[in-house]
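Student: Dropping the structure in here first, questions after.
The values are calculated or read from the model by the stated rules, or taken from the named source; none is laboratory data. Just so it is clear, the model here is predicted, and its values are computed rather than measured. Cβ: placed from backbone, ideal geometry, glycine included. Neighbour counts: every protein chain shown.
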Amino acid sequence: MRARWFLGAALALWLAGMGRAGFDAWVDATVIPPLDPPVSVEMLARDGRLLRAFTVENGIWRPGVDPSRVDPAYLKMLIAYEDGRFYSHDGVDPWALLRAAGQAITHGHVVSGGSTLTMQVARLLEDSGTGHVTGKIRQIRLALALERRLSKAQILSLYLQIAPFGGNLEGVRAATLTYFGKEPRRLTTAEAALLVALPQSPETRRPDRDADAARAARLRVLNRLVTEGALTPAQAKSAATEPVPTIRQPFPDLAPHLTDRLRAAAPDQIIHRTTIDADLQAKLESLAADAVAQGGERLQVAIVVADHRSGEILAEVGSAAYEADHRQGFVDMTQALRSPGSTLKPLIYGLAFDEGLAHPETLIDDKPVNFNGYAPQNFDHQYRGTIRLREALQLSLNIPAVMLTDAIGPANLMAGLSRAGVRAVVPGGQPGLAVALGGVGVDLQDLVQLYAAIARGGVAMPLTVEQGAKRPEGQRVMSAVAAWEVGDILAGLAPPPGQPSNRLAYKTGTSYGHRDAWAVGFDGSDVIGVWMGHADGTPVPGAFGGELAAPVLFQAFARLKPALDPQGPPPPATLTVSNAELPPPLQRFRSRQAAFLPAPDAPSVAFPPDGAVVELTGGDLLVRVQNGVAPFTWLADGLPVALASHDRQEVLPMPGPGFVTLSVIDGQGRSAGVSIRLR
């Protein structure tokens with residue numbers, strides 16, 4: 001050991017005595033290794049906090065370090081302890097080398113090192129030997145070359161980035177995040193002293209493996225800094241009493257599914273600045289774990305929160321836990337195509353309102369219907385008869401929704417989804433009426449985007465999770481009036497049991513076979529969507545959106561804010577009247593096709609039926625009228641045969657055998673007719 005340090009010191013003296021030209025040539029010819037070591041990819045929250053980081057090669061944690069964000073007191077202590085003349089030497093401190101050599105000779109072992117911070121950076125860049133003469137020669141040469149290439153600030157920055165702190169930790173930021181659970185901006189004297197001590201022998205002094213060794217090393221640093229005048233005895237004494245950390249804290253690992261997607265989309269990007277609220281994300285990840293805890297080992301959940309005014313995603317939970325469990329936690333269920341159940345009904349109603357086919361107070365008949373063989377049923381297989389559209393949507397009745405879809409056309413419904421930015425997938429490619437009840441594939445994020453469009457007055461805005469991303473307004477999905485009317489209806493829906501009556505505008509949905517349970521809601525500023533089910537698409541027996549997902553939706557809003565933001569007032573053009581005050585065409589729902597058909601209460605000839613062959617009895621014919629308003633006028637081939645009759649059954653004189661067109665006109669001028677043959 002004594003000879004090794006003597007040779008190193010002698011070499012330093014020899015280098016100093018070289019001719020200037022030869023010395024410069026020797027330094028300038030140095031091959032310098034890459035000066036930009038790979039750093040961990042970082043995902044940052046909207047306030048700049050670390051959401052998640054990724055390791056570099058060999059599983060090393062090496063997050064980027066900005067010296068301006070490192071505690072100045074630590075930097076002062078580091079330089080005072082490691083390299084007091086850092087800012088005055090040219091990479092090698094001859095006095096430090098001579099002192100180290102002399103101490104080694106006198107004591108028979110190394111008392112203090114002679115390496116400057118620049119030499120330590122040189123060693124770390126090349127992983128060259130510490131105590132070997134050849135390694136020391138290389139460090140000296142590279143240190144001199146680095147000083148000619150880099151500024152002192154750049155050299156110090158490199159040290160802060162690549163210094164080892166035990167295990168797979170490199171860089172001071174990796175150390176503070178792991179040992180102290182915080183960024184290196186503000187450190188205690190004890191924390192700073194430990195960080196100074198660790199790189200000298202990072203494995204033997206690891207506090208999580210040998211707290212006593214770490215404490216002793218820290219004490220040596222504190223005592224030395226007192227000797228150097230960098231600390232007062234009182235500061236050192238106080239710092240020595242502070243416990244050393246004994247466990248490694250995990251790196252932040254929030255929003256893992258989302259950050260995986262961001263990294264895959266831009267693999268060369270080091271810093272990703274997101275719109276995610278770190279505190280909210282942590283709360284909702286905890287909520288997700290609680291939501292599935294009692295639902296069996298396969299129940300899964302996903303949650304998306306966005307500010308519908310700006311389009312920024314505030315939180316995104318892809319699963320209850322990011323792990324390979326029975327829930328298939330690595331699958332990002334915010335992006336999975338699933339049947340939306342009844343959650344598209346608000347769009348259907350809004351489009352129908354826009355086309356003048358209906359109003360929230362319009363009456364509609366909830367009764368058995370058949371559309372060319374397609375006979376939808378309500379979820380409970382019951383019929384409510386005549387009901388207001390407001391109630392039909394709040395009760396999530398299927399038959400009125402299909403009737404409205406038939407009126408607006410399935411293609412127009414798909415066009416509305418497209419304008420909202422929803423990438424809907426229809427089995428077979430041809431949309432039919434079943435789309436109204438969930439016969440289409442959408443993902444949770446797109447569904448939240450649809451409701452965000454309704455919440456912001458009917459205009460879509462693409463959701464984004466990247467700060468600074470351009471967020472131009474999208475297309476108009478429905479008018480501001482229709483959007484407000486839909487929101488007003490949804491805000492009148494009763495909350496789940498045990499949840500506050502806060503007029504949250506929300507809708508639930510359950511897909512066919514109980515495979516998916518949904519709840520999506522919004523207030524005046526934010527929108528949240530919840531999906532629950534099995535990741536593999538198998539049924540969840542007894543699962544309903546209102547019972548399973550809706551409580552999670554309300555709890556998510558409670559974690560987002562203490563109280564809901566009120567929705568805005570109705571637009572000036574909104575018609576807020578009762579059914580009786582509506583224009584007659586809006587009082588009762590009639591599809592466009594129905595406009596060419598008799599009204600439900602219009603008169604019709606009940607007997608004889610159209611096309612019948614009827615035997616005359618004494619030249620007279622028995623007739624009956626159904627519906628309509630008395631008095632009734634009967635015509636035979638256009639000639640009146642009975643006037644102002646208040647009876648629904650009459651015996652009419654007929655002209656004789658042959659073909660006759662029989663007509664009836666009611667008191668409101670509405671008519672009906674049949675063609676028959678008399679004999």
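Student: Could you tell me which residue of segment 282-339 is surrounded by the most Cβ atoms within 10 Å (Cβ to Cβ), considering only residues that are at pLDDT below 95 and of a type in the set (Asp, Glu)?
Tutor: Taking the candidates together, the pick is 325.
Student: Checking residue 189 against (1) within 15 Å of residue 71 (Cβ to Cβ); (2) polar (S, T, N, Q); (3) under 40 Å from the mean Cα position of the chain (by Cα), only one condition comes out false. Which one?
Tutor: Here residue 189 meets the rest and fails (3).
Student: Can I ask one more? Here is a list: 245, 199. Which entry is of a type outside the set (Val, Ile, Thr), in contact (Cβ under 8 Å) with a residue 12 or more places away in the chain and not assigned by TED's automatic domain parsing to the domain that holds residue 124?
Tutor: Only one candidate qualifies: 245.
Student: Tell me whether segment 412-426 contains one or more residues that are within 21 Å of the chain's Cα centre (by Cα) and among the hydroxyl-bearing types (Ser, Thr, Tyr).
Tutor: yes
Student: State whether the residues of segment 172-194 include one that is among the basic types (Lys, Arg), over 18 Å from residue 75 (Cβ atoms) and at pLDDT 95 or above.
Tutor: Within segment 172-194, none of the residues are among the basic types (Lys, Arg), over 18 Å from residue 75 (Cβ atoms) and at pLDDT 95 or above.
Student: OK, next. Looking only at segment 208-250, count every residue that is outside any helix (DSSP H, G or I), farther than 24 Å from residue 83 by Cβ and of a type outside the set (A, V, I, L, M) and tell me the total.
Tutor: 11
Student: Give the residue that is surrounded by the fewest Cβ atoms within 10 Å (Cβ to Cβ), with candidates limited to residues of segment 207-220 that are farther than 20 Å from residue 115 by Cα and touching a Lys or Arg at 6+ places or on another chain (Cβ under 9 Å).
Tutor: Per the stated criteria, the residue is 216.
Student: Can you name the residue in segment 56-89 that is touching a Lys or Arg at 6+ places or on another chain (Cβ under 8 Å) and of a type outside the set (A, V, I, L, M) and is also surrounded by the most Cβ atoms within 10 Å (Cβ to Cβ) among such residues?
Tutor: Applying the filter and picking the extreme gives 63.
Student: Is one or more of the residues making up segment 444-456 of a type in the set (Phe, Trp, Tyr), within 26 Å of residue 574 (Cα to Cα) and in contact with a strand residue (DSSP E or B) (Cβ under 6 Å, 6 or more places away or on another chain)?
Tutor: Yes, segment 444-456 has at least one match.
Student: Taking residue 191 as the residue in question, decide whether it is among the acidic types (Asp, Glu) and assigned to a helix (DSSP H, G or I).
Tutor: Taking the combined requirement at face value, the residue satisfies it.
Student: Quick test for you: out of 486, 465, 477, pick the one residue that is touching a residue at least 60 places away in the same chain (Cβ under 8 Å), of a type in the set (Val, Ile, Thr) and in contact with a Phe, Trp or Tyr (Cβ under 8 Å, 6 or more places away or on another chain).
Tutor: Unique residue meeting the criteria: 486.
Student: Does segment 260-268 contain any residue that is within 15 Å of the chain's Cα centre (by Cα) and under 16 Å from residue 529 (Cα atoms)?
Tutor: No: segment 260-268 contains no residue that is within 15 Å of the chain's Cα centre (by Cα) and under 16 Å from residue 529 (Cα atoms).
Student: Determine, yes or no, whether residue 272 is at pLDDT 95 or above, touching a helix residue (DSSP H, G or I) at 6+ places or on another chain (Cβ under 7 Å) and in the same structural domain as residue 545 (by TED's automatic domain parsing).
Tutor: no
Student: Still on this structure, please answer the following. I'm trying to understand the selection: among the residues of segment 609-632, which are surrounded by fewer than 17 Cβ atoms within 10 Å (Cβ to Cβ), in a strand (DSSP E or B) and touching a residue at least 12 places away in the same chain (Cβ under 8 Å)?
Tutor: Correct list: 613, 620, 622, 624, 626.
Student: Quick check: anything in segment 306-321 in the same structural domain as residue 490 (by TED's automatic domain parsing), without any contact (Cβ under 8 Å) to a residue 60 or more places away in the chain and not in a helix (DSSP H, G or I)?
Tutor: no
Student: If I ask for residues that are surrounded by fewer than 16 Cβ atoms within 10 Å (Cβ to Cβ) and in contact with an Asp or Glu (Cβ under 9 Å, 6 or more places away or on another chain), which ones from segment 419-443 would you list?
Tutor: 423
Student: Out of the residues in segment 27-41 meeting the condition of being surrounded by 15 or more Cβ atoms within 10 Å (Cβ to Cβ) and within 20 Å of residue 148 (Cα to Cα), tell me which one is modelled with the highest pLDDT.
Tutor: 37
Student: Residues that are touching a Phe, Trp or Tyr at 6+ places or on another chain (Cβ under 8 Å) and among the acidic types (Asp, Glu): does segment 321-335 have at least one?
Tutor: Looking through segment 321-335, at least one residue is touching a Phe, Trp or Tyr at 6+ places or on another chain (Cβ under 8 Å) and among the acidic types (Asp, Glu).
Student: For residue 561, indicate whether it is surrounded by 18 or more Cβ atoms within 10 Å (Cβ to Cβ) and not small (Gly, Ala, Ser).
Tutor: Here the answer is no, as residue 561 does not meet what is asked.
Student: Spot the failing condition for residue 522; the list is (1) surrounded by 18 or more Cβ atoms within 10 Å (Cβ to Cβ); (2) aromatic (Phe, Trp, Tyr); (3) over 16 Å from residue 308 (Cα atoms), and only one is missed.
Tutor: (3)
Student: Which one of these does residue 512 not meet: (1) at pLDDT below 95; (2) of a type in the set (Phe, Trp, Tyr); (3) buried (at least 24 other Cβ atoms within 10 Å of the Cβ)?
Tutor: (3)
Student: Sticking with this one: Of everything in segment 445-466, what is at pLDDT below 95 and over 14 Å from the mean Cα position of the chain (by Cα)? Give them in sequence order.
Tutor: Within segment 445-466, just 461 meets the criteria.
Student: For segment 587-602, enumerate the residues that are of a type in the set (Gly, Ala, Ser), modelled with pLDDT of 70 or more and more than 15 Å from residue 628 (Cβ to Cβ).
Tutor: If the condition is that a residue be of a type in the set (Gly, Ala, Ser), modelled with pLDDT of 70 or more and more than 15 Å from residue 628 (Cβ to Cβ), then 591 is the only one that fits.
Student: Right, something else. It is to be established whether one or more residues within segment 455-476 are surrounded by 23 or more Cβ atoms within 10 Å (Cβ to Cβ) and closer than 15 Å to residue 345 by Cβ.
Tutor: No, the conditions are met nowhere in segment 455-476.
Student: Say whether the condition of being crowded, with 21+ Cβ neighbours inside 10 Å and under 30 Å from residue 321 (Cβ atoms) is met by at least one residue in segment 235-255.
Tutor: yes
Student: Which one of these is more than 17 Å from residue 123 (Cβ to Cβ), at pLDDT 85 or above, among the aliphatic types (A, V, I, L, M) and in the same structural domain as residue 161 (by TED's automatic domain parsing): 104, 73, 21, 9?
Tutor: 73
Student: Which condition number in (1) under 17 Å from the mean Cα position of the chain (by Cα); (2) touching a residue at least 60 places away in the same chain (Cβ under 8 Å); (3) more than 27 Å from residue 533 (Cβ to Cβ) is the one that residue 279 fails?
Tutor: (2)
Student: Condition check: in contact with a strand residue (DSSP E or B) (Cβ under 6 Å, 6 or more places away or on another chain) and either surrounded by 15 or more Cβ atoms within 10 Å (Cβ to Cβ) or among the small types (Gly, Ala, Ser) (or both). Does residue 588 satisfy that?
Tutor: Yes: the conditions hold for residue 588.
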